[in-house]
1. Classify the protein assembly as shown from the C-alpha gyration tensor, please: rounded if a/c falls under 1.5, else prolate or oblate depending on whether a/b exceeds b/c.
2. Could you work out the helix-only [θ] at 222 nm for the protein assembly as shown, with each DSSP H run of four or more residues adding -39,500 (n - 2.57) and the total divided by the number of residues, to the nearest 500 deg cm²/dmol?
3. Taking a 27 Å limit on the Cα-Cα distance, which of the listed pairs A:LYS109/B:LYS94; B:LYS315/B:LYS336; B:LYS127/B:LYS398 fall beyond it?
4. If you place +1 on the Cβ of every Lys and Arg, -1 on the Cβ of every Asp and Glu, and leave all else neutral, what size is the dipole of the protein assembly as shown about its Cα centre, to the nearest 20 Debye?
5. Using the Cα gyration tensor of the range A:333-389, with a ≥ b ≥ c the square roots of its eigenvalues, what is the shape: rounded (a/c below 1.5), prolate (a/b larger than b/c) or oblate (neither)?
6. I'd like the FRET efficiency for B:ARG676 and B:TYR210, computed as 1/(1 + (r/R0)^6) with the beta carbon distance as r and R0 of 30 Å, rounded to 0.05.
7. Taking a probe of 1.4 Å, how large is the accessible area per residue of chain A, in Å²?
8. Give me the percent of accessible area attributable to carbon and sulfur for chain A, probe 1.4 angstrom.
Amino acid sequence: MRLRHNILLLMCAVALLAGCRHDDVIFIPEEVSVTQPQYAELYGFYLLNEGTMNYNNSSLDYYDFSTGIYSRNIYASANPDVPMELGDVGNDIAIYGSRLYAVINCSNKVEVMDARTTRRIGQVDIPNCRYIKFHKGFAYVTSYAGEVIIDPNYEQTGYVAKVDTATLQVVARCEVGFQPDGIEISEGKIFVANSGGYMVPNYENTISVIDLETFREEERIPIAKNLHRLIQDKRGILWISARGDYYTEQSDIYAYDIRKHRLVKRMDCRVSNWCACDDKLYVIGTEFDMMTMRNTISWNVIDMNKMEILSEKIINDGTEEEIIMPYGIKVNSLTKDIYVLDARDYRNPGRLYCFDSYGMLKWKIRTGIIPAHIVFWGNNSNNLTNLNN
Amino acid sequence: MRVTRLLFLLLSSVLTVLCAGAQDSVSHVASRLDSMQYLSNVTVYATRPYAEVIPAQTLSGRQLERLNSHSVADAVRYFAGVQLKDYGGVGGIKTVDMRSMGSNHMGVFYDGIQLGNAQNGQIDLGKFSLDNIEEIALYNGQKSEIFQPARDFGSAGSIYLRTRRPSFADGKRHNLNVTFRTGSFGLANPSLRWEWKAGERVSVALNAEYTYATGRYRFRYHKVFSDGTLAWDTTAVRQNGDLNSLRLEATVFGHNDRGLWNAKAYFYDSERGIPGAIINNVWKASQRQWDRNFFAQGRYQTRVTRRYELMVNAKYARDYMRYLNPDTTLMYLDNKFWQDEAYLSAANKVNLADNWDVNLSVDYKWNYLNSTLKNFSYPTRHTLLTALATAYTIGGLKAQASLLYTLVNDRYSSRYNGDVLARHSKSLNKWTPAVFLSYRPMAAHDLNIRAFYKKIFRMPTFNDLYYTDIGNASLNPEYAHQWNVGLQYQRMSDTDFVSALRLTADAYYNRVTDKIIAIPKGNGQYRWMMMNIGTVKIRGIDLTARIAMRLTRELSLNGTLNYTYQRAQDYTDPTDTGDGGTYRGQIAYIPWRSGSAVAHLGWRDLDVNYSFIYVGERYHDSANTREQYEQPWYTHDLSASYRLRLGKTSLRVTCEVNNVFNQQYDVIHNYPMPGRNYKLILKYDI
């Protein structure tokens, strides 16, 4: 009898230990005061965390200049009725007019939100969408997904989707090269960087030029293997980043003169991400070396007028030692503050570092998984367009 | 606090049992619980080899059948200290992690010879149906028996799967069994088993099984506001989880005056959908996978002289796998892989004295991986394993020590665009020891105190090292160090109300260093991104209780209880301590608390079984932030089975209801598991 008693007791003990399930609760933003409030023409900025593929944990953070408060994971509480939240792998973010656009790559959609409240307005379904740019009421989105054709020799070209921002409908498509990434609009043309990332080792090496009026591809300009990002400057130079092939060809930056139709400079500068601010290109390069099996991190500032490297340092207080995987960079042209995003191990929360114009650390904060893209938000839309370029 | 309370409770119950037991006469009659095991052991061994120092956790015979399990993976969830990574459904990948050391440290043995997967080191236990399995045994450290191949010393933990051995009733020369299973997920699963007594000393068993399932089931995700009102709620049907598989197995068993032998051929062919993660705006995946596995293996064991025994094992295996991503909105992939393995082993045991044995085993293994991947490096691996082991018994003390020498040579090439850039050859050799002790302080009581230490490593797999663009050829082996102390008490009686009782308690400390972590990459479950992330320390307690009771002459009640508490912490980066830091965080998918309970009621030809599995809260990564939190889950399964005797034949009808309370849960984030589901099994024996 005593034995039975004990077994009962044991069973009860196990039952007691067993924590029970409870319903998952919508995430309330975590608000952290990171610095003193400061006066700024801008309200703040949004940070899009890419998240880990298949984890559906792309998330949105917001930093408010006027309060100095950083709010983590704000999408769910702003949109508690949206199933499965923001989505899987956020790849680009932009503000156009009063709307915030987030390109969610593996969820095959562009999420459209109100830029002030981040309340969802709708979505545009574009499979395998990558980057977004705007022009006169239309959004242009690059997509890796080509036409679905049943053909054994089918080769998967990408396209640019033209989206009417009033109706959120795709109104036209223009086929470009393989796996198009960066997009830039300048002087009546759309420039698209074709990567060919799925074609390993036969990477693409061209820029597609699309006429804005006809929305037809006009030409392809060979530049280098595996192109990634594009930035135009006001002198008509298109800055192009190429990833290289990860084996023999390293990543690099190229300058293409749109007016003269020719490549004018190869920078010999490693690049994984960059941003432009006041004729300067702030460049971070994370290069994987097949020989040492290690990442080599480089920091460069390029003078876009002189087309030369101005400095091989961005951070000046030694903080770069604790940055494991610099993944994104953004410079505020009003304050000259530099934001560096550290994706660390890609699986656990990243960090956002804020440096002043001298490269001295002002503050840092934990972000979501793979912090990657920043967009400024304020009331002056002209200013915003320049800031967010 | 809660752990100490439980420990106290368990210890007090153990003590009470001990005191109660002291008054009973101890007899070693095999209980009904263990009778199957006992019988089969007798048929196998002419002379029982040196008993294991630390016995296995086992599931066998009818007990195994009753667990509402379709595959070996479902069944191993009932062992203490084991975590199953389950991607859900009939076709989803299911791998096992023992004591949080990672699934690559686990060796799986099929009829005594290890199943290899040099490509990714993962054995998908979901592919092994229970149809032909008679016993599953789980060993921490290693099977603490010295007369075994060197490879058996080479894992941090082992699962031994033993297929059914033919046994014939008097005068019978043939046994035929026809089984049909059907139920949820569009399951149609016929199987056939034929046994033939070919001679006095030779018998043959043939087994064929076909499985078809649509793999469709409903699942629900939802979230609430902090006040409990519903925020969003969505229900959908799991797609692309279908499975179509065929398994054929033939085995010949034989023995002579001096020993025994067996030979086996195994063939498995399958096509399955890979259901994929459920993410925003994507509810359906279209990736497919084909597998074809073949192996032939044999064992010969003989007593050469009175003091010398020899065991020879040999195996050849060829595995084919094709992965297709036909979704043209994603990266189109159609990759094929072919793996070959050849294996030869000789174990030599010398009996130096009545209580002292020494064994020397030498194994050679060859692996080759071929693939249609571009820039692939076509790796070949030669492995030479030598194990020297000894076992010594004095009084109540059993001691065993082994030393394993591993020599590995990898040859591969660097290629780019079809050109061979370089050819490489890399070698490595390691010595790794293990010590096992057990002590029985009182001859009158079956109480054993036990302890073991083992150091072992796992080689980085071919994928870890050489997978195009992902592999890292400079990876180091990953080490596991294990320390374990525990005790076991058992009592058997054919007169008592409690006919069998076994209690075990073990505390362990494991340290995994140079750990290679695999995280899912891309859209194929078999594609991973490799990282040598460092160090994990695991402190845990495993408790098990097993009891058999005879309520009346015809009514019996059996029960098992398992409980595991683990702290498996990430010690990789001591500087990563601040907000969102990973240092000392609980590692991915390891619950602090987990356990299972099984109760079985038997009355004449009727069996009723209840089983319960509990996995406590976890995080899907080491920072343990709220976004990485995973809910506990627990399922209740019920089954009833009745045997109809029809002359000399018999028909067993079993009905199962699994996940009775229709819990909607994930084992792996965004891979929904089935809710309530049903199964009907008809088993006809001629």
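1. Working: a/c = 2.03, a/b = 1.86, b/c = 1.09.
Prolate.
2. Numbers: 8 runs with 73 residues, N = 1075.
My calculation for the protein assembly as shown gives -2000 deg cm²/dmol from helical runs alone.
3. Values: A:LYS109/B:LYS94 31 Å; B:LYS315/B:LYS336 23 Å; B:LYS127/B:LYS398 37 Å.
Going by Cα-Cα distance, A:LYS109/B:LYS94; B:LYS127/B:LYS398 fall outside the 27 Å limit.
4. Numbers: 121 positive and 111 negative charges, 769 e Å.
Result for the protein assembly as shown is approximately 3700 debye, rounded to the nearest 20.
5. Details: a/c = 2.98, a/b = 1.54, b/c = 1.94.
Because a/c hits 1.5 or more and a/b fails to exceed b/c, the range A:333-389 counts as oblate.
6. Values: r = 26 Å, r/R0 = 0.86.
That pair, B:ARG676 with B:TYR210, gives E of 0.70.
7. Values: 15800 Å² over 389 residues.
Computed with neighbouring chains in place, this is 41 Å² per residue.
8. Values: 7870 of 15800 Å².
Ligands and nucleic acids excluded, carbon and sulfur reach 50 percent.
The values are calculated or read from the model by the stated rules, or taken from the named source; none is laboratory data. This is a predicted model, so every value here is computed, not measured. Note that each Cβ is placed from the backbone with ideal geometry, even for glycine, and that neighbours are counted across all protein chains shown. Accessible surface areas use protein heavy atoms only, side chains included; no ligands, DNA or RNA. Shrake-Rupley method; radii C 1.70, N 1.55, O 1.52, S 1.80 Å.
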